[in-house]
1. I'd like to verify a number: residues in region 54-71 that are surrounded by 14 or more Cβ atoms within 10 Å (Cβ to Cβ) and in a helix (DSSP H, G or I), how many?
2. Give me a count of the residues in region 89-110 that are at pLDDT 85 or above and in a loop (DSSP other than H, G, I, E, B).
3. Checking residue 113 against (1) in contact with a helix residue (DSSP H, G or I) (Cβ under 6 Å, 6 or more places away or on another chain); (2) modelled with pLDDT of 80 or more; (3) not assigned by TED's automatic domain parsing to the domain that holds residue 218, which single condition isn't satisfied?
4. Is it the case that some residue within region 116-134 is under 18 Å from the mean Cα position of the chain (by Cα), modelled with pLDDT of 75 or more and either part of a loop (DSSP other than H, G, I, E, B) or not assigned by TED's automatic domain parsing to the domain that holds residue 175 (or both)?
């Protein structure tokens, strides 16, 4: 059941949707003034509208979802539209081609903004996760601390369809889970690159990587906000 108080944060989004809807209807009326600028604005408004609709659907599902927010340069975990965890992505001019390719490939099939996580691989980890970190992770995930594994990731991949990869690494030196599987995954990455694999690399603090690794599961909806 919809609760106004619990969903108060949706009000600005709903107002913006109504405004964009009105603008869309107005733009359908005949006008003697046409220009490239007007056409570009119409396209921009439609993209914004679709993004808002996509996030509204995820927020109303009352399930955890991931946001790759290139506009704010952050990775975000959200629940009911509220940010419950975030981490900065350090993006430089040297990364611009990779970012553009990632966004383009993410949206390539019908211009979609949402994809589910299809794979996750942990290369290596260290078994020294303190109780204080587990307490933070359990609060974010609503899971009892004793049910969480104590591994601190050294490096892991999050994958989506269409050869999209997020490569997370920390300053921890860990033990490989499976050297053979690590080799197979890396060989697969090398083979995919000529066919257009798109990858974003993020350096992350160990305690943040623990939360992110535990939260991101196969099937987790992922929303992308372009630059």
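The values are calculated or read from the model by the stated rules, or taken from the named source; none is laboratory data. Computed from a predicted model, the values in this text were never measured in an experiment. Because the Cβ atoms are built from the backbone with ideal geometry, glycine has one as well, and the counts that use them run over all protein chains shown.
1. Here is the first cut: in region 54-71, the ones surrounded by 14 or more Cβ atoms within 10 Å (Cβ to Cβ) are 54-56, 58-59, 64-70.
From what is left, the residues that are in a helix (DSSP H, G or I) are 54-56, 58-59.
Qualifying residue count, region 54-71: 5.
2. Number of matching residues: 3.
3. (3)
4. Checked region 116-134: no residue is under 18 Å from the mean Cα position of the chain (by Cα), modelled with pLDDT of 75 or more and either part of a loop (DSSP other than H, G, I, E, B) or not assigned by TED's automatic domain parsing to the domain that holds residue 175 (or both).
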